[in-house]
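Bear in mind that the values in this text are calculations on the coordinates, not laboratory data. The model shown is predicted, which means the values in this text are computed figures rather than measured ones. All Cβ positions, glycine included, derive from the backbone under ideal geometry; neighbour counts span all protein chains shown.
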Amino acid sequence: SLTAGIVGLPNVGKSTLFNAITKSQVEAANYPFATIQPNVGIVEVPDHRVDRLCELFHPKKTIYTTFEFTDIAGLVKGASKGEGLGNQFLSNIRLTDAICHVVRCFDDNNITHVEDSIDPIRDIEIINLELIFADLQTIENRRSKIERKAKTNKDKESLAELALLDRLQPWLEQEKPARLLDLNEDEKALVKSYNLLTAKPVIYVANLDEEGVMDPDSVDYYNRVKEFAIQDQSQVIALCAKMEEELSGLEKEEKDAFLEELGVPYSGLDLLIKSAYSVLNLCTFLTAGEDECRAWTFKKGMKAPDCAGVIHTDFKRGFIRAEVYRFEDIDQLETEAAIKEAGRLRLEGKDYVVQDGDIMHFRFNV
Ligand code: GDP
C-alpha cells in the first residue's frame with residue numbers, strides 16, 4: 001500500500017503529529033492484514049459517506065478504508081553529505097510515495113529551533129535542498145552509466161535518456177524540484193524509475209499554536225508557507241499538532257462534539273489524511289449491505305475487475321460484471337429498491353472505469 005512520509009527539521013512538531021496518528025491508529029482486530037511497524041501509523045480515512053450508509057443499512061460491521069503514514073525523524077541540514085544519520089533518512093524517504101513536510105509556524109521561547117529563529121521558508125528550503133542534493137547524486141550516478149552505454153551503442157534510447165539527464169541536472173541545480181519539470185510520457189516513466197525524492201508530491205503541514213490555528217490566515221508564518229506552496233504547486237494544511245494529539249486521545253463522540261464547538265467538520269489530521277490520499281490519486285468505492293458497510297481504496301483510473309481484486313483475488317479472477325449505483329442516489333433515495341425503481345442501478349462490464357463514490361456489487365464465478 002502507499003505511504004506518506006513525515007519529514008521536517010528537528011523540533012517542529014513531527015513527533016507530536018506522529019503521536020496523534022498512532023493514537024488514532026486502527027485496531028488491528030479490524031485490519032488483520034496490517035502489519036504495524038513502530039515508525040508506521042495506519043489511520044482510517046474519514047468518510048461521511050460510510051457514516052450515511054450505516055444509517056441506511058444498519059450493518060453489523062462498519063469498516064473505513066485506511067491510509068499509512070511513516071515517521072521519518074531526523075532529517076537535518078547536511079543529510080545528503082551524510083550528516084547525522086543522513087543517508088539512512090534519505091533512503092527512508094525513498095520508500096514513501098508522498099512527503100508531508102512539517103513546518104514550524106509557532107513561537108515558543110521554551111522550544112529551541114535548530115536555526116535559532118522562526119522562519120518557515122528558510123526551514124522549508126533547508127529540507128528541500130537536501131532532497132535536491134540527493135537527487136543530483138542519483139542523476140550523476142545514472143549519467144555515468146548511460147554515457148558509457150550511449151558511447152558504445154549509440155542507441156536511440158540511451159541518447160534520449162542522456163538528453164533527459166541534461167535537462168534534469170541544471171533544473172535541480174537551480175534548486176527546482178523534479179516534479180515541476182515538464183516531461184513527456186517516456187520521460188515521466190524514466191524519472192519514475194529513478195525514484196527521485198523531489199518527484200514525489202508534497203503536502204506542507206504548517207504547525208501553528210493553539211491560538212493561531214483558530215484563524216490561520218491571520219498568522220504571517222502560515223501565509224508565507226501558503227504562498228510558497230502555491231508556487232511549488234503543492235498543497236498546504238494548517239493544524240496544531242499539540243491539539244491534534246489531544247483530539248486523537250478522545251472517543252469519537254467527544255471528538256465530534258469538540259469539532260462542532262470549533263465549527264469545523266474535520267480535524268487538521270483528518271484534512272491531512274484526505275489531502276495525502278488525493279495527491280496520490282487515491283479514490284474510494286463502497287460496498288453496502290446488512291452485514292457490512294465498507295470503504296475501499298483504489299487508484300484513479302482502475303477498471304471494475306481490478307477494483308474487485310482489491311476485495312479478493314477470486315473476485316477479479318471470476319469477474320462477470322458489476323452492479324453499480326452512486327452514493328448521491330442512495331443518499332437521496334435511501335433504499336436499493338428505490339434505486340432500481342428509479343433506474344439508477346447500472347450493470348457494468350470489465351472495461352468500466354470505477355469512479356470515486358461508486359457503490360459496487362460484484363458478480364463473479366467461483
Ligand atoms: P520534532 O522534533 O519535530 O519531532 O518535534 P516534537 O514533536 O518533539 O516537538 C518539539 C516541541 O514542540 C515539543 O516540546 C512539543 O511539545 C512542541 N510542540 C509541538 N507541536 C506544537 C504546537 O502545535 N504548539 C506548541 N506550542 N508547541 C508544540
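Here's the picture: charge each Lys and Arg Cβ at +1 and each Asp and Glu Cβ at -1 in segment 83-185, and of 183, 133, 112 the one pushed furthest to the positive end of that dipole is 183. About its Cα centre, segment 301-364 has a charge dipole of approximately 420 debye under the convention of +1 per Lys or Arg Cβ and -1 per Asp or Glu Cβ, with nothing else charged.
In segment 248-319, which GluC sites (Glu not before Pro) fall in coil by DSSP and have 13 or fewer other Cβ atoms within 10 Å?
Answer by residue number: 251, 290.
Note on residue 346 and residue 313: their simple-model spin labels are 3.0 nm apart, each label 7 Å out from Cα toward Cβ. Exposure here means at most 13 other Cβ atoms within 10 Å; with chymotrypsin sites (Phe, Trp or Tyr not before Pro) in a DSSP loop as sites, the longest stretch of the chain lacking them is 34-265. Compute a Gaussian network model of the chain, connecting alpha carbons closer than 10 Å, and tell me which residue from 93, 237, 121 fluctuates the most. Greatest mean-square fluctuation among the candidates belongs to 121. For the chain, modelled as a GNM whose springs connect Cα atoms under 10 angstrom apart, the maximal fluctuation among 273, 63, 203 occurs at 63.
Here the chain is treated with +1 on each Lys and Arg Cβ and -1 on each Asp and Glu Cβ, and its dipole about the Cα centre works out to around 2280 debye. If R0 is taken as 41 Å, the Cβ-Cβ distance between residue 300 and residue 151 corresponds to a FRET efficiency of 0.50.
Secondary-structure-derived ellipticity at 222 nm for the chain, considering helices only, amounts to -13500 deg cm²/dmol, per-run term -39500 (n - 2.57) for DSSP H runs with n ≥ 4. If the segment from residue 363 to residue 323 were pulled out straight at 0.36 nm per residue, it would be longer than the present Cα-Cα gap by 13.6 nm. Farthest toward the positive end of the dipole of segment 130-198, out of 158, 195, 169, is the Cα of 158, where the dipole comes from beta carbon charges about the Cα centre. Projecting the Cα atoms of 19, 248, 360 onto the charge dipole of the chain (Cβ charges, centred on the Cα centre) puts 360 farthest toward the positive pole. Taking Lys and Arg as +1 and Asp and Glu as -1, the other residues whose beta-carbon sits under 10 Å from that of residue 364 total +3. Given +1 at the Cβ of Lys and Arg, -1 at the Cβ of Asp and Glu and no other charges, the dipole of segment 226-366 around its Cα centre is 1040 debye to the nearest 20. What net charge is computed for the residues neighbouring residue 171, neighbours being all others with C-beta under 13 Å from the C-beta of residue 171, Lys and Arg scored +1, Asp and Glu -1? Around residue 171, the charge tally is -3.
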